[in-house]
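The values are calculated or read from the model by the stated rules, or taken from the named source; none is laboratory data. Just so you know, these numbers come straight off a predicted model, no measurement behind them. Glycine also receives a Cβ, built like all others from the backbone with ideal geometry; neighbour counts cover every protein chain displayed. Please note that ligands, DNA and RNA were not included when accessible areas were found on the heavy atoms of the full protein model with its side chains. Shrake-Rupley method; radii C 1.70, N 1.55, O 1.52, S 1.80 Å.
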Amino acid sequence: MIDMTGYARHLKIGLMTGAAGLALCVAAPALAQVEPGKPADAAAQETPETQETPAAKDDGLADIVVTATKRGSAQNVQNVPIAVTAFGALQLEEQHFQNLQSLSYSMPNVQLTAVGTQPGYATFSIRGFGISSSIPSIDPTVGTFIDGVYMGVNTGVVLNNFDIEGIEVLRGPQGLLFGRNVTGGAVVIRSTVPSNVLHADVRASVSSGPQTRGSVMVTGPIVKDRIQAKLAVLYDKDYGYFTNDFNGKSDVGRSRTLIIRPAVRIAPTDTVEMILRYENGRFNGDGAVATNRGLYPADSFRVNIDNEGYAHNRWNSASAETNIDTPFGNGKITNLMAYRAVTSRSSADIDASPRYDYNVNYYTRQRQMSEELRYAGTFGRFDVTTGLYFFTQNIRYIEDRYLNRGATHITGGGSQQQETYGIFASVDWHIADTLTINAGARYSSETKQVAVANLVPGGCNLAAETCNYSFRDRNTWTNVAPRLGLQWKPSDDTQVYGFWARGFRSGGYNFRNVFTQIAPGPFDDEELNSYEIGLKQDIGNALRFNVAGFWNDIGNLQREIQTAVPGVGTAQRILNSANARVRGVEGEVTFKPGHGFTLAGQFGYLDGRYTDVFFDLNNDRAINDRDLALKLPRLSPWTYGGSVNWTHDFDAIGVDARVAANHRDADFYNDANTGLLPGATMVDANLTLRRGRYSLSLYGTNLLDKVTLGANVPLTFFPGSTFSSLNKGRVYGAEVAFKF
């Protein structure tokens, strides 16, 4: 069913496109223009530390740049007419960033969590739009993009990361520029670019658990101004944070991660560059770490499982980004071609108890290729961004369940070949010096061809990686995602904006089909209409506050209805079950009173409800007001918090200190509102001593030792039985760093 020749065909087209553009500009360098005083390779001559200006150690506000508007060059986040939280390299360093989940509590109305059934599987939620599933055929509501490349499946997204130049978390639908499956928002990650200045960043840390981590990044010129290279390597070993009451072992949750990330930047002229990136990653460790609320209270970290399982993730990714300055509109042509391959195998004790009631083996293999060709330029009062997009992926998934002390063995899964095409255009019309109209639209067409094997005895053979498919289908979804907005800037320090945008989440199929009498799909696409107004304000060089209010209407809401079923464990039906409305407000503030102090705060409020219900959400065999009154899952009403930073340079040593406390309310994991994810307040602290090129940091995270969960699934094996995947509690650590 899967035609791999399509990959080769599109790969060849992409290579020819990039090579032709590169050759054209090398042959005719006189056609291109460079902004006066700024060479095309300016970014490559900077270190990550210099891309936040002024430096965080000054008493002035720092300017963080973002790439969210795809304008061909980074923009100050204060000038972008969307709600976005951006972290530069220095801010990530202050928070001891290790993976996306470590930022989860520091932003309003944002949850960057892992589901926990498979280590590293992302289930992100922004503004109450999120998924609670590890089924790879379910598309996310929050898209993750690494160096401009969309992650086709959430496998391995919340594993270790490093060598980061910046992270942008865009709240609200981003369908115009990023495509489908970003109805909640987008997480944009940028790794460092090879530099024209020789430098290195070496780090080593140890934390309670225990866990050790080391990384090195070396970059510099091979041919001055023309060829630069980078090599970044991370090794992380987690010796296990949790103790298993079943056997007394105190090393549950072990893992080892190795990531190798080389990159080369080639600039044959001042107006042409190509950035070649590659990454190889390996993760090996235990399976899901989960507690059972039928055995232990809600505030317990205790684990009692007879199967500690395993998790093996392998991935390879490569991309070629070509940027060409052009005199046409004083613009830039960008072509980004990428390939990614992921293989994941894991085993988990889903009954989360010492009984052999429900063990699962998972296998996921995904291959994707994408290409985006876009242009950004300026014509008088018009800023234009337009492009073409292609994405294809092949997913194969097998699930292997053993229940009732191994007496019941059922397997199933699916295979999917997908192709997505898109065309988009965005125009900013500066009708006056202070007033801009933002308008644009994106057309998307997505085709999915699937074969599904129901979860039954003999449905699949995990060892042979084969399935007895009982369902085959093919479907195409098309959508137009428009955006219309107004931006008013009465001064350089003030921006008021408002917009209407439509988001689109693709339809699809269920690879985890237990109810054999029901077809595994297709379920239809989900559409969102979003209205937002916002204010971004700087006062002097000491106070900054950003606030946004929004109203979202969601039609044909895709829901994964989870049901505990005796004999098979749990069953999921995926369907368009309701319409809903989510409204809210959020804000962020930064204040620098001087003397090295920085005070920051954030808050978010969400109010969500169903407006129409088409399916029995609470499994009581009736569609009525009880379903309509249920709370939307993955929606925390309140998020808020703040931090205090202090930095000072003494005669011989510099000191950086930070204390942060951030809270998120409880929210429901499932549609029936029978699984609750507890609210928590995260308190973190950091003290860094700097001397020359060396630094020593002492830090603590989750200092109140709060229990947080990635999933909380009710089960039927004994009273109160649940699968409740655990995150770590209190952690202390120390890190030494050397830069030159």
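Hey, can you find the accessible area per residue of the stretch 494-538 for me, probe 1.4 Å, expressed in square angstrom? Could you put the intermediate results ahead of the total?
Working: 1360 Å² over 45 residues.
Result: 30 Å² per residue.
Across the stretch 538-553, computed HN-Hα scalar couplings (Karplus, 6.51 cos²θ - 1.76 cosθ + 1.60, θ = phi - 60°) run 10, 10, x, 10, 10, 10, 9, 9, 10, 9, 9, x, 8, 9, 10, 10 Hz from first to last residue, x flagging Gly and Pro. The stretch 368-459 has equivalent-ellipsoid semi-axes of 49, 14, 9 Å, by the square roots of 5 times the alpha carbon gyration tensor eigenvalues, sorted largest first.
With Rh defined as the Kirkwood radius, the inverse of the mean 1/r over Cα pairs, the Rg/Rh of the stretch 603-740 is 1.19.
Close amide H contacts of Leu715 (hydrogens built in the peptide plane, cut-off under 5 Å, sequence separation of 5 or more or a different chain): Ser721, Thr722, Phe723. Under a 5 Å amide H cut-off, with hydrogens placed 1.01 Å from N, Gln211 pairs with Tyr239 among residues at least 5 apart or on other chains. Relative to the current alpha-carbon distance between Lys249 and Asp651, full extension at 0.36 nm per residue lengthens the span by 139.8 nm.
Provide the FRET efficiency to the nearest 0.05 for the Thr476-Ile227 pair, computing r from the beta carbons and using R0 = 35 Å. Walk me through the intermediate numbers first.
Working: r = 44 Å, r/R0 = 1.25.
Using R0 = 35 Å, I get an efficiency of 0.20.
Backbone phi angles across the stretch 172-187, fed through the Karplus curve with coefficients 6.51, -1.76 and 1.60 (θ = phi - 60°), yield HN-Hα couplings of x, x, 10, x, 4, 9, 10, x, 6, 6, 9, 5, x, x, 9, 10 Hz in residue order; Gly and Pro are listed as x. The alpha carbons of the stretch 412-527 stretch over 68, 26, 24 Å along the principal axes, in descending order. Eigen-decomposition of the gyration tensor built on the alpha-carbon atoms of the stretch 516-604 gives equivalent ellipsoid semi-axes of 45, 18, 8 angstrom, largest listed first. Note on the stretch 499-582: with charges restricted to the Cβ of Lys and Arg (+1) and Asp and Glu (-1), its dipole about the Cα centre is near 180 debye.
Percent of accessible area on the chain owned by carbon and sulfur, 1.4 Å probe? Please list the in-between numbers first.
Details: 16150 of 27550 Å².
Roughly 59 percent, rounded to a whole number.
Hey, got the dipole for the chain? About the Cα centre, +1 on K and R Cβ, -1 on D and E Cβ, debye to the nearest 20? It would help to have the intermediate numbers written out before the result.
Working: 67 positive and 72 negative charges, 240 e Å.
Its charge dipole is roughly 1160 debye.
Rg of the Cα atoms in the stretch 181-328, relative to 2.2 N^0.38 Å, amounts to 1.48.
Working ranking of peptides 113-120, 425-432, 334-341, 612-619 by packing, defined as the average number of other Cβ atoms within 10 Å per residue, highest first, is 113-120, 334-341, 612-619, 425-432. For the chain, relative contact order (Cα pairs under 8 Å, six or more residues apart, normalised by length) works out to 12 percent.
Diffusion coefficient of the stretch 142-181 by Stokes-Einstein, Kirkwood radius over Cα pairs, 25 °C, 0.890 mPa s: 212 µm²/s.
Hey, what D do you get for the chain in µm²/s if you plug the Kirkwood alpha-carbon radius into Stokes-Einstein at 4 °C and 1.567 mPa s? Display every interim value, and only then the final one.
Details: Rh = 26.5 Å.
D, rounded to a whole number, is 49 µm²/s.
For the stretch 281-316, the set of trypsin sites (Lys or Arg not before Pro) satisfying both a DSSP loop assignment and a count of at most 14 other C-beta atoms within 10 Å is given as Arg302. Projecting the Cα positions of Thr447, Cys467, Trp429 onto the charge dipole of the stretch 416-474 (unit charges on Cβ atoms of Lys, Arg, Asp and Glu, taken about the Cα centre) puts Cys467 furthest along the positive direction. Across the stretch 468-480, rounded Karplus estimates of 3J(HN,Hα) from the backbone phi angles (6.51 cos²θ - 1.76 cosθ + 1.60, θ = phi - 60°) give 9, 5, 10, 9, 9, 7, 8, 8, 10, 10, 10, 7, 10 Hz, Gly and Pro being marked x.
Computed from the Kirkwood radius of its Cα pairs, the Stokes-Einstein diffusion coefficient for the stretch 607-686 at 37 °C and 0.692 mPa s stands at 207 µm²/s.
Within the stretch 644-690, which chymotrypsin sites (Phe, Trp or Tyr not before Pro) sit in a loop by DSSP and count at most 13 neighbouring Cβ atoms inside 10 Å?
Numbers: sites: Trp646, Phe650, Phe668, Tyr669; in loops: Phe650, Tyr669.
Within the stretch 644-690, the qualifying chymotrypsin sites (Phe, Trp or Tyr not before Pro) (loop, at most 13 other Cβ atoms within 10 Å) are Phe650.
Nearest 10 degrees, 0 to 90: what angle lies between the long axis of helix 5-27 and the longest principal axis of the chain (Cα atoms)? So the helix axis and the longest Cα principal axis differ by about 10 degrees. Just name one of Asn552, Ile533, Thr476: the one whose Cα is farthest towards the positive end of the charge dipole of the chain (beta-carbon charges, Lys/Arg +1, Asp/Glu -1). Value computed over the given set: Thr476.
Dividing the Cα radius of gyration of the stretch 480-533 by its Kirkwood radius returns 1.35 for Rg/Rh. State the answer as a single residue: which of Gly498, Leu715, Asn673 lies farthest towards the positive end of the charge dipole of the chain, with beta carbon charges of +1 for Lys and Arg and -1 for Asp and Glu, about the Cα centre. Checking the options against the dipole of the chain, the answer is Leu715. Which residues in the stretch 309-332 have a backbone N closer than 11 Å to a point placed 7 Å from the Cα of Arg282 along the Cα-to-Cβ line? Within reach of a label on Arg282: 313-315. Figure legend: label point modelled 7 angstrom from the Cα of Val456 along Cα→Cβ; no residues of the stretch 537-577 have amide N under 11 Å from it.
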